[in-house]
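Reading through the structure tokens given below for one structure.
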Amino acid sequence: MCLALPARLVERRSADEAVVELGGVRKTVSVALVPDARPGDYVIVHVGHAIGCIDPVEAERTLALFAQLQAQPDPAPAAALHAPQGAFLQEVTP
Amino acid sequence: MKYIDEFRDGAVARAMASRIAAECEPGRSYAFMEFCGGHTHAIARYGITELLPPAIRMIHGPGCPVCVLPIGRIDQAISLALTHGAIVATYGDTMRVPASGALSMMKAKARGADIRMVYSAADALAIARANPAREVVFFAIGFETTTPPTALVVKQAAAEGLQNFSVLACHVLTPSAIAHMLESEEAQKMGAVPIQGFVGPAHVSIVIGSKPYEPFAAQHRKPVVISGFEPLDVMQSIWMLVRQVNEGRAEVENQFTRAVTREGNLAAQRAVAEVFELRESFEWRGLGDVAFSALRLKPEWAAFDAERRFPLDYRAVPDHKQCECGAILRGVKAPVDCKLFGTVCTPENPMGSCMVSSEGACAAHWTYGRFRDIAVVGVAA
């Protein structure tokens, strides 16, 4: 029910509507709830409405931790894990 | 697909699993509740249970809006179509939920009720525009993710001056349900399990932010980690919970930083605040009446409120006697503890709501886990 997927905003049609693309499928959705989203942004689409945006910097930070995890030998725990929001994963940020 | 595939990497999941196992303190057991059905589904689908050490037990929470919708509300939607002759537009999820009188919305449709599945609240509005001579009611269910779209269509209907559109508002609130499970004497009496921490909602938190969980974490001394719905998100969040428990912390942490902020989506919150107000009480399947846990339309939008527009009485209806959905929704029982599971109750013919939605604990276990407990038998050559 709360299923939502990140899709790339392709084109704004009007103040409230935009075309998004996900895996080659294009669809017109409402962007009334994300008034600042621009083409190229990834928005989270839920029941025909974009309800939020993906922060690419934060996504990269999380992925950098995953990469670091895989590279590290077991079982040295990644000390950065429980850093609070915002300061998340400072240690692995290049 | 970007921002999806990277968060499903099996090798990273295994690396993370060994770290989690290494950090579990010997002799200590950990019980965490994932509130959302989306997490329940991910845990079953990607085999996260198998990756976790035995010391960690995941308890499936009531965060599936279809599962917690009481029978009485489905009955109302059916009566709008069957008795009042309205076109009822609904998300597909509710179609097969068993209602009173051996009906469901699907069966009511077969009896001639004009019930139409829609993908979006905006589609319901389009039906109203196309059928000016008919009453059109949108069956508005869901947590905080679907509420802003409902608010938008109500405002749109008003702006267009539509006279034949209304909503049956059944939107429920996540933080009050989480708190209710720990606070309510009634819920405790019905049976509850000790929970050391919560995997917090993903998409709900995009809308409401991480802030609303803070009083809860502080008051109940329970850690909450807001988590994305992809398997690596869930694993990382469990890891963060283990750390909080080990260190004696009870904080709200945010794993899903790529989408969730502390404040949430203010545009969405404004739309909801404009159209909706709190209900004093709302019945949840499995939890009973929960105070201030749902929304209704504000009086100024009364023209679009199906409960004011039609003579609808709410009647609470008990579940099937042997259905354990209630206990499963509170985490007291597992799907396999129910006599009906997999015998008379299957996704094709659900008896209880937890088998209807793919996010329900029973449907998830049926689809991905039901062969797990069966021993593998070798065949002699």
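The values are calculated or read from the model by the stated rules, or taken from the named source; none is laboratory data. Because the structure is a prediction, the values reported are computed rather than measured. We place every Cβ from the backbone using ideal geometry, glycine too, and count neighbours over all the protein chains shown.
Side notes on the structure shown:
- Subset tally (residues that are in contact with a helix residue (DSSP H, G or I) (Cβ under 9 Å, 6 or more places away or on another chain), of a type outside the set (A, V, I, L, M), closer than 30 Å to A:ARG61 by Cα and more than 10 Å from every other protein chain (Cβ to nearest Cβ)) for region B:247-287: 1
- Considering residues of region B:343-381 that are polar (S, T, N, Q) and in a helix (DSSP H, G or I) only, the residue modelled with the lowest pLDDT: B:SER353
- A count restricted to region A:11-26 and to residues that are assigned to a strand (DSSP E or B) and free of Cβ contacts under 8 Å to residues at least 12 places away in the same chain stands at 2.
- Screening region B:69-94 for residues that are in a helix (DSSP H, G or I) and among the polar types (S, T, N, Q) and picking the one that is farthest from the other protein chains (Cβ to nearest Cβ) gives B:SER79.
- Residues in region B:1-39 that are within 11 Å of chain A (Cβ to nearest Cβ) and among the polar types (S, T, N, Q): B:SER18 only.
- If the condition is being crowded, with 24+ Cβ neighbours inside 10 Å and basic (Lys, Arg), then region B:223-266 contributes only B:ARG258.
- Pick from region A:39-67, criterion facing another protein chain (nearest Cβ under 8 Å), in contact with a strand residue (DSSP E or B) (Cβ under 6 Å, 6 or more places away or on another chain) and assigned to a strand (DSSP E or B), ranking: nearest to A:LEU5 (Cα to Cα): A:ILE44
- The condition of being touching an Asp or Glu at 6+ places or on another chain (Cβ under 9 Å) and closer than 28 Å to B:ILE226 by Cα holds for only one of B:GLY92, B:GLY37, B:GLY101, that being B:GLY37.
- Counting the residues of region B:115-164 that are touching a helix residue (DSSP H, G or I) at 6+ places or on another chain (Cβ under 6 Å) and of a type in the set (Asp, Glu) gives 1.
- Hey, B:ALA21 among the small types (Gly, Ala, Ser), more than 20 Å from B:LEU329 (Cβ to Cβ), in the same structural domain as B:PRO148 (by TED's automatic domain parsing) and crowded, with 17+ Cβ neighbours inside 10 Å or not: no
- Here B:ALA15 clears all of (1) surrounded by 15 or more Cβ atoms within 10 Å (Cβ to Cβ); (2) assigned to a helix (DSSP H, G or I); (3) touching a residue at least 12 places away in the same chain (Cβ under 8 Å) except the condition numbered (3).
- When B:ARG270, B:ARG258, B:ARG315, B:ARG262 are checked against the criterion of being basic (Lys, Arg), free of Cβ contacts under 8 Å to residues at least 24 places away in the same chain and outside any strand (DSSP E or B), B:ARG270 stands alone in meeting it.
- The listed residues are B:VAL97, B:VAL66, and the only one of them that is within 13 Å of another protein chain (Cβ to nearest Cβ) and part of a loop (DSSP other than H, G, I, E, B) turns out to be B:VAL97.
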